[in-house]
Structures are given as structure tokens and as C-alpha cells.
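Notes for the one structure printed next.
The values are calculated or read from the model by the stated rules, or taken from the named source; none is laboratory data. Since the model is a prediction, treat every value here as computed from it, not as a measurement. Methodologically, a virtual Cβ is constructed for each residue, glycine included, from the backbone with ideal geometry; neighbour enumeration extends over all protein chains shown.
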Amino acid sequence: MSSDYLKLVPANPHYVPDDTAQEEAVAALAALLSAGSECAAQDFGHVAFIDQGENIEAIICPVCSKRLPLHDGPDAPAIQEWWYGIAEQFEDGSIERTTLAMPCCSRSIPLTTLRFDWPAAFARFELSILDPGIGENLSKEQLAQFEKILGCELLQVRAHY
Ligand SMILES: [Zn+2]
């Protein structure tokens, strides 16, 4: 069985909304996406990798902007090996201190500056819902509702497992 999650996380990785705001956001998201289940807010206690699961198609280098595809092209096996080697190593508590050497331009960068297609994020707080029953992301207006409740700019991550 596969699962899809919609995850909303603060654009500022360290931001954690207060408890009242978290409860209000959980109730509002569960009401907005009533097909979904297990709507929850979570404070990981440290910056965590908010992954997109099997939706990962490529990693984008923040230095040279090169797209590193994990599934197509002659370099895909090497990129997969590089990325999964890194992903196995980083532990939640050390994500912010992890640096890595990019295979494209050999530059050393902080892990948290990596960009992804589909998007992933780094954050301490996450609001999530399982199988929300929508193909698209929340609209700008819908997202703005949650940004107002949680008091921060939000990023959307769609994960498939
Ligand atoms: Zn690069």
C-alpha cells in the first residue's frame, strides 16, 4: 500500500509555532482536506529533513544550479549512489552541521542549502496530512490561511512512500 502526504513547513527552518496555533492549524487542515487522515503537527526538536519520499526526481546544486537527476541519464546510478550514501549518514541532530561535496562542481556546501525536484525542505516543525485527496498543492489563498494561523511563510512538500 502506498501513502501520500502533504507537508507544510516554515520557510525558516528553526521556526516553531506556539501550541495554540498548531492546534488551530491541525483543525483547519483536517477541515479543508476532509478526505485526508492523521492530520498532525510535530516539533522534531531539531532541524529535520522533510523528505519527498519516492517523489524525488533530482537534486539541484545551489552553487552551479546543475540538475542532478536520480532516475534518467547516464549519471543517474552514480548520483543515486552519492545521494543515498549521504542520506544514510545524516542524523537528525546533525543535519545543520553536515556539509557535502557536490559531484557537479566539487564545491563543499551545507546540506540544508540543497534544492530538490520535487521539493523537499529542512525544518523543525511540520504540519502534515495523509492521503489528502488532492493532486495539486494548496492554492496561494489556501496556503495564506495557514501562514496566517501559524505566523510564518510556509513551504509545501508532497511525499510519496
Ligand atoms: Zn554544482
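Numbers for the structure displayed
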| quantity | calculated |
| --- | --- |
| Residue selected from region 4-27 under the condition polar (S, T, N, Q) and in contact with a strand residue (DSSP E or B) (Cβ under 9 Å, 6 or more places away or on another chain), by the criterion nearest to Arg124 (Cα to Cα) | Asn12 |
| Yes/no for Leu70 being touching a residue at least 12 places away in the same chain (Cβ under 8 Å), in contact with a Phe, Trp or Tyr (Cβ under 7 Å, 6 or more places away or on another chain), buried (at least 16 other Cβ atoms within 10 Å of the Cβ) and more than 23 Å from Asp43 (Cα to Cα) | yes |
| Meets criteria (touching a residue at least 24 places away in the same chain (Cβ under 8 Å) and of a type outside the set (Ser, Thr, Tyr)) for Pro10 | yes |
| Criterion (closer than 19 Å to Tyr5 by Cβ, of a type in the set (A, V, I, L, M) and modelled with pLDDT under 95) met by exactly one of Ile129, Ile134, Ile95 | Ile134 |
| Residue selected from region 68-97 under the condition within 16 Å of the ligand (Cβ to nearest atom) and within 18 Å of the chain's Cα centre (by Cα), by the criterion nearest to Arg124 (Cα to Cα) | Ile86 |
| Qualifying residue in region 105-117 (condition: of a type in the set (Lys, Arg), within 16 Å of the ligand (Cβ to nearest atom), in contact (Cβ under 8 Å) with a residue 40 or more places away in the chain and more than 18 Å from Ile50 (Cα to Cα)) | yes |
| Criterion (crowded, with 16+ Cβ neighbours inside 10 Å, within 12 Å of the ligand (Cβ to nearest atom) and either assigned to a loop (DSSP other than H, G, I, E, B) or not basic (Lys, Arg) (or both)) met by exactly one of Leu127, Leu143, Leu100, Leu138 | Leu100 |
| Selection from region 54-67 of residues that are more than 16 Å from the ligand (Cβ to nearest atom) and either charged (D, E, K, R) or modelled with pLDDT under 95 (or both) | Glu54, Glu57 |
| Enumeration of residues in region 47-85 that are farther than 15 Å from Ser106 by Cα and assigned to a helix (DSSP H, G or I) | Ala76, Pro77, Gln80, Glu81, Tyr84, Gly85 |
| Filter result for Glu23 (away from the ligand (no atom under 16 Å from the Cβ) and either of a type in the set (Ser, Thr, Tyr) or not assigned by TED's automatic domain parsing to the domain that holds Leu150 (or both)) | no |
